[in-house]
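Have a look at the structure below before the remarks.
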């Protein structure tokens, strides 16, 4: 359905102006929009100059080689239902919401110029009485105050290139500070560190500016820059319902939203955290590879060494995200309940995915046979003490990620 519609649009555009194509997304799903960008980049003819405009619901987008544990406050994002997306190109972390306009320029490699793209954006803003200029390698700033309103990144292949970025129209600035603040934990990483900069919303300079209005201006300047009448370039509005029928796009979308891409792509890193509780000092060092805990060391003066052993055993090889950690902590709770029954009554026949609040009271839980068979029965008092400490440790640990 969409293939035929897109073919007609492209054919009509090609007959009048074979070098220009304009797309605008009506979808606010960041994984979908990034997938659409990749799909257009990989499937349109490289001889065309293409403009793609869209915006996302609340999202933090990180660069290809960045570490989300360093760049984002993941717990706050989860609490507020802010999505995490990883783009295929480089650059730093950005917070996006519906007050942010995203742009992509795609060009043949031999005629690619991010400076030309910057000029198109700068000229578009003049219609709103805003004077802007390029700054550094990838930014656009207000001419008099030098406050940044746009950052960008790029990707180049043998025959084509794209240059994409953001325009802050009316972004929630409190969200930017809230979700992009890295945690205070000590992180040693091989990834890229975002550079913080003073930013400004364009509505501070002209309250009348909007996503739709700015997109229309950019589309017009894009055509004028290349000397083509805007009436001769048919714009295609992309919709989720139609694009979801294309198998290549669906595959790219699934890849974009997949945990292994968003988290597992993270460069190897070490995370060290330490806290003094009323009951003990807990000093934890984690090595993460592809978003999974490969090594963990736990040092403590706790009076419950069994709890420390269970932490080491269950956190190793777990996914280093909030869901993976909660699963591991729930498994420890189940084990503590199981260890408070006699050894001869313990079994190992319940799959870990079935562990829940109810089954933590059931002694039939998946166990390391070493712990299951070699650990003596613990008293109900010790069990409850360790469960209480585990609750406190879990809250601190997840908040520190």
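The values are calculated or read from the model by the stated rules, or taken from the named source; none is laboratory data. In this text, all values refer to a predicted model and were calculated from it rather than measured experimentally. Quick reminder, even Gly has a Cβ in these numbers, built from the backbone with ideal geometry, and neighbours come from all protein chains shown.
What tally of residues in the range 90-128 results from selecting those that are in contact (Cβ under 8 Å) with a residue 40 or more places away in the chain, more than 20 Å from residue 215 (Cα to Cα) and surrounded by fewer than 21 Cβ atoms within 10 Å (Cβ to Cβ)?
Residues in the range 90-128 being in contact (Cβ under 8 Å) with a residue 40 or more places away in the chain, more than 20 Å from residue 215 (Cα to Cα) and surrounded by fewer than 21 Cβ atoms within 10 Å (Cβ to Cβ): 6 in total.
Show the residue pairs that are 6+ apart or on different chains and have beta-carbon atoms under 9 Å apart, the first residue being within the range 129-141 and assigned by TED's automatic domain parsing to the domain that holds residue 63 and free of Cβ contacts under 8 Å to residues at least 12 places away in the same chain, the second being surrounded by 11 or more Cβ atoms within 10 Å (Cβ to Cβ) and in a loop (DSSP other than H, G, I, E, B).
Filtered contacts from the range 129-141: 133/143; 133/146; 141/147; 141/197; 141/200.
Condition check: closer than 30 Å to residue 120 by Cβ and outside any loop (DSSP other than H, G, I, E, B). Does residue 236 satisfy that?
Values: closer than 30 Å to residue 120 by Cβ: yes; outside any loop (DSSP other than H, G, I, E, B): yes.
So residue 236 passes the test.
Consider residue 283 carefully, then state whether it is over 26 Å from the mean Cα position of the chain (by Cα), loosely packed, with under 14 Cβ neighbours inside 10 Å and either closer than 14 Å to residue 397 by Cα or free of Cβ contacts under 8 Å to residues at least 24 places away in the same chain (or both). Can you show your working first?
Values: over 26 Å from the mean Cα position of the chain (by Cα): yes; loosely packed, with under 14 Cβ neighbours inside 10 Å: no; either closer than 14 Å to residue 397 by Cα or free of Cβ contacts under 8 Å to residues at least 24 places away in the same chain (or both): yes.
Judged against the criteria, residue 283 is not a match.
Picking from 89, 107, which residue would you name as being closer than 16 Å to residue 152 by Cα and part of a loop (DSSP other than H, G, I, E, B)? Even if it seems obvious, please write down each step before you answer.
Working: 107 fails: part of a loop (DSSP other than H, G, I, E, B).
Step by step, each of 89, 107 is checked, and only 89 is closer than 16 Å to residue 152 by Cα and part of a loop (DSSP other than H, G, I, E, B).
Would you check if residue 360 is surrounded by fewer than 16 Cβ atoms within 10 Å (Cβ to Cβ), modelled with pLDDT under 50 and in a helix (DSSP H, G or I)? It would help to see each step written out before you state the result.
Values: surrounded by fewer than 16 Cβ atoms within 10 Å (Cβ to Cβ): no; modelled with pLDDT under 50: yes; in a helix (DSSP H, G or I): yes.
So residue 360 does not fit the description; no.
Only one of (1) over 18 Å from residue 216 (Cβ atoms); (2) touching a residue at least 60 places away in the same chain (Cβ under 8 Å) fails for residue 81. Which number is that?
Tallying (1) over 18 Å from residue 216 (Cβ atoms); (2) touching a residue at least 60 places away in the same chain (Cβ under 8 Å), residue 81 fails exactly one: (2).
Taking the options 146, 126, name whichever one is more than 17 Å from the chain's Cα centre (by Cα) and on the phi > 0 side of the Ramachandran plot.
Numbers: 126 fails: on the phi > 0 side of the Ramachandran plot.
Only one candidate qualifies: 146.
Only one residue in 197, 161 is in contact with a helix residue (DSSP H, G or I) (Cβ under 8 Å, 6 or more places away or on another chain) and either at pLDDT 85 or above or surrounded by 14 or more Cβ atoms within 10 Å (Cβ to Cβ) (or both), so which one is that? Write out each step before concluding.
Working: 197 fails: in contact with a helix residue (DSSP H, G or I) (Cβ under 8 Å, 6 or more places away or on another chain).
On inspection, the qualifying residue turns out to be 161.
Part of a loop (DSSP other than H, G, I, E, B), surrounded by fewer than 17 Cβ atoms within 10 Å (Cβ to Cβ) and either at positive phi or in the same structural domain as residue 43 (by TED's automatic domain parsing) (or both): is that true of residue 278 in this structure?
Values: part of a loop (DSSP other than H, G, I, E, B): yes; surrounded by fewer than 17 Cβ atoms within 10 Å (Cβ to Cβ): yes; either at positive phi or in the same structural domain as residue 43 (by TED's automatic domain parsing) (or both): no.
In short, no.
Can you name the residue in the range 237-264 that is surrounded by 19 or more Cβ atoms within 10 Å (Cβ to Cβ) and within 30 Å of residue 392 (Cα to Cα) and is also modelled with the lowest pLDDT among such residues?
263
Report, by residue number, each residue of the range 59-83 that is assigned to a loop (DSSP other than H, G, I, E, B) and touching a strand residue (DSSP E or B) at 6+ places or on another chain (Cβ under 8 Å). Show your work before the answer.
Going through the range 59-83, the residues assigned to a loop (DSSP other than H, G, I, E, B) turn out to be 63-67, 72-73, 80-82.
Of everything in the range 59-83, those that are assigned to a loop (DSSP other than H, G, I, E, B) and touching a strand residue (DSSP E or B) at 6+ places or on another chain (Cβ under 8 Å) turn out to be 63, 64, 66, 67, 72, 82.
Among the residues of the range 291-300, is any assigned to a helix (DSSP H, G or I) and either in contact with a helix residue (DSSP H, G or I) (Cβ under 6 Å, 6 or more places away or on another chain) or farther than 24 Å from residue 258 by Cα (or both)? Step through it out loud before you land on a result.
First, pick out the residues of the range 291-300 that are assigned to a helix (DSSP H, G or I): none.
No - not one qualifying residue is present in the range 291-300.
Please determine, by comparing only the residues of the range 301-315 that are without any contact (Cβ under 8 Å) to a residue 40 or more places away in the chain and either within 18 Å of residue 396 (Cα to Cα) or in a strand (DSSP E or B) (or both), which one is nearest to the chain's Cα centre (by Cα). Show your work before the answer.
Just the residues of the range 301-315 that are without any contact (Cβ under 8 Å) to a residue 40 or more places away in the chain, to begin with: 301, 303, 305, 308, 312, 314-315.
After this cut, where a residue has to be either within 18 Å of residue 396 (Cα to Cα) or in a strand (DSSP E or B) (or both) as well, the list is 301, 308, 312, 314-315.
On the way: 301: 37, 308: 32, 312: 28, 314: 26, 315: 23 Å.
Looking at the filtered set, the residue picked out is 315.
Quick check on this structure: which one of 56, 33 is at pLDDT 85 or above, buried (at least 22 other Cβ atoms within 10 Å of the Cβ) and assigned to a loop (DSSP other than H, G, I, E, B)?
Numbers: 33 fails: assigned to a loop (DSSP other than H, G, I, E, B).
It is 56.
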